[in-house]
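Novice: The structure's right below; bear with me while I get my questions together.
The values are calculated or read from the model by the stated rules, or taken from the named source; none is laboratory data. Computed from a prediction, not measured in an experiment: that's the story for all the values here. Methodologically, a virtual Cβ is constructed for each residue, glycine included, from the backbone with ideal geometry; neighbour enumeration extends over all protein chains shown.
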Amino acid sequence: MTSPDTDIEPAGEATEIVSVREGELATLGTAEDLRAKCEAFEAKRAVVVEYIKRSFIENTDFGPADPRNAKRTLLKPGAEKVCRLFNTRPTWRRDDETWEMLGKPAGTVCYVCEILDNTTGEIIGEGRGAETIGNKKRDANKTIKNAEKCALVDAALYTFCLSEMFTQDLGAGPDANPAPAADPNAEQAPSRGERSVADNLALSYWKRWEAAGGTEDTWKAALQKASDGKPVNCPSDLDPEQWGKVNVLVGELEEAGR
């Protein structure tokens, strides 16, 4: 049977496995080729895990586990070590797209961290981070540094497949004045996957909103209306039902412009 995006022809051991994505063919090789690649990846992965276990220092490269799961928190020095291990370097640029998507909130700093291969100069991965002046009493300089750090850690987790070992949820590392233990019955923060879905929804609706003649101010008002008047600082502040309300508001704007 052939699916819409994958065509595998059972013609023996030497059959090539091909994948069709957006009209393009990407040859993955024979089954033996693919098996060899998987084994090579597993071997390299084992070396990285061994390096992390041997070289990472607790409370320097990684912090305490998030109370909501068992994974330790990857810290900035640990992210930098992994970048050096793979002969890469991080660079940052302003993330205007995310900032505009959020309604251009004053005092919010958004960055994209791109991981570059030192040999080729190619971008091999990226991550995003944001921070707002005044959060945890941070001034402008500390806000910028924390946004950069969050983007770096996010990029390292994604680019080097570290999410099964670490999380970014705590982010700030050891705190001289730690907050009280989390309430196990409290509502959990959205996962990275949930945040990604919300980010994609927000970007899609924002583009439709802008194309229909909506402004940044009216977009921000629409988000607040969908959230029943509650402040919206990031896409994951809205649940699926509230994003459904945003979709209705976008549709109404589009209909009014026809």
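Novice: Modelled with pLDDT of 50 or more, touching an Asp or Glu at 6+ places or on another chain (Cβ under 7 Å) and surrounded by 14 or more Cβ atoms within 10 Å (Cβ to Cβ), is that true of Ala65? Explain how you work it out, then say what you get.
Specialist: Values: modelled with pLDDT of 50 or more: yes; touching an Asp or Glu at 6+ places or on another chain (Cβ under 7 Å): no; surrounded by 14 or more Cβ atoms within 10 Å (Cβ to Cβ): yes.
Considered against the rule, which asks whether it is modelled with pLDDT of 50 or more, touching an Asp or Glu at 6+ places or on another chain (Cβ under 7 Å) and surrounded by 14 or more Cβ atoms within 10 Å (Cβ to Cβ), Ala65 comes out as no.
Novice: Can you name the residue in the stretch 194-245 that is over 18 Å from Gly257 (Cβ atoms) and among the acidic types (Asp, Glu) and is also modelled with the highest pLDDT among such residues? Can you show your working first?
Specialist: The first filter runs over the stretch 194-245 and keeps only residues over 18 Å from Gly257 (Cβ atoms), leaving 194-203, 220, 223-245.
Keeping just the survivors that are among the acidic types (Asp, Glu) gives 194, 199, 228, 237, 239, 241.
Details: Glu194: 49, Asp199: 69, Asp228: 84, Asp237: 70, Asp239: 76, Glu241: 80.
In this case the residue turns out to be Asp228.
Novice: Looking at Ala172, Ala181, Ala176 in this structure, which one is at pLDDT below 85, under 30 Å from Leu85 (Cα atoms) and outside the structural domain of Glu97 (by TED's automatic domain parsing)? Spell out the reasoning first.
Specialist: Details: Ala181 fails: under 30 Å from Leu85 (Cα atoms); Ala176 fails: under 30 Å from Leu85 (Cα atoms).
The unique qualifying residue is Ala172.
Novice: Which condition number in (1) modelled with pLDDT under 50; (2) within 26 Å of the chain's Cα centre (by Cα) is the one that Glu13 fails?
Specialist: Just one mismatch for Glu13, condition (2).
Novice: Show the residue pairs that are 6+ apart or on different chains and have beta-carbon atoms under 9 Å apart, the first residue being within the stretch 207-222 and among the aromatic types (Phe, Trp, Tyr), the second being buried (at least 16 other Cβ atoms within 10 Å of the Cβ) and not in a helix (DSSP H, G or I).
Specialist: Trp219/Gly103
Novice: Exactly one condition in (1) farther than 17 Å from Thr88 by Cα; (2) in contact with a Cys (Cβ under 7 Å, 6 or more places away or on another chain) is not met by Ala155; state its number.
Specialist: (1)
Novice: Something else about it: Could you run through the stretch 130-167 and say how many residues are assigned to a loop (DSSP other than H, G, I, E, B) and on the phi > 0 side of the Ramachandran plot?
Specialist: If we filter the stretch 130-167 for residues that are assigned to a loop (DSSP other than H, G, I, E, B), which is where we start, we get 133-134, 138-139, 160-165.
Narrowing the set further to residues that are on the phi > 0 side of the Ramachandran plot leaves 134, 161.
Going through the stretch 130-167 one residue at a time, the tally reaches 2.
Novice: On the given criteria, is Ala70 farther than 23 Å from Phe166 by Cβ, surrounded by fewer than 14 Cβ atoms within 10 Å (Cβ to Cβ) and aliphatic (A, V, I, L, M)?
Specialist: Working: farther than 23 Å from Phe166 by Cβ: no; surrounded by fewer than 14 Cβ atoms within 10 Å (Cβ to Cβ): yes; aliphatic (A, V, I, L, M): yes.
Spelling it out, it is not the case that Ala70 is farther than 23 Å from Phe166 by Cβ, surrounded by fewer than 14 Cβ atoms within 10 Å (Cβ to Cβ) and aliphatic (A, V, I, L, M).
Residue-wise test of (1) among the aromatic types (Phe, Trp, Tyr); (2) under 18 Å from the mean Cα position of the chain (by Cα); (3) part of a strand (DSSP E or B); (4) not assigned by TED's automatic domain parsing to the domain that holds Ala147.
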residue	(1), (2), (3), (4)
Ala70	no, no, no, no
Thr73	no, yes, yes, no
Pro77	no, no, no, no
Lys81	no, no, no, no
Arg84	no, no, no, no
Thr91	no, yes, yes, no
Thr98	no, yes, no, no
Val109	no, yes, yes, no
Glu114	no, yes, yes, no
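Novice: Same structure again: I need the full set of residues from the stretch 115-147 which are of a type outside the set (A, V, I, L, M), within 17 Å of Leu75 (Cα to Cα) and buried (at least 18 other Cβ atoms within 10 Å of the Cβ), in order please.
Specialist: Listed by number, the residues that qualify are Glu126, Gly127, Arg128, Gly129, Glu131, Thr143, Asn146.
Novice: Kindly indicate which of Asp95, Asp154 is surrounded by 15 or more Cβ atoms within 10 Å (Cβ to Cβ), of a type outside the set (Ser, Thr, Tyr) and farther than 15 Å from Leu74 by Cα.
Specialist: Working: Asp154 fails: farther than 15 Å from Leu74 by Cα.
Being surrounded by 15 or more Cβ atoms within 10 Å (Cβ to Cβ), of a type outside the set (Ser, Thr, Tyr) and farther than 15 Å from Leu74 by Cα holds for just one of Asp95, Asp154, which is Asp95.
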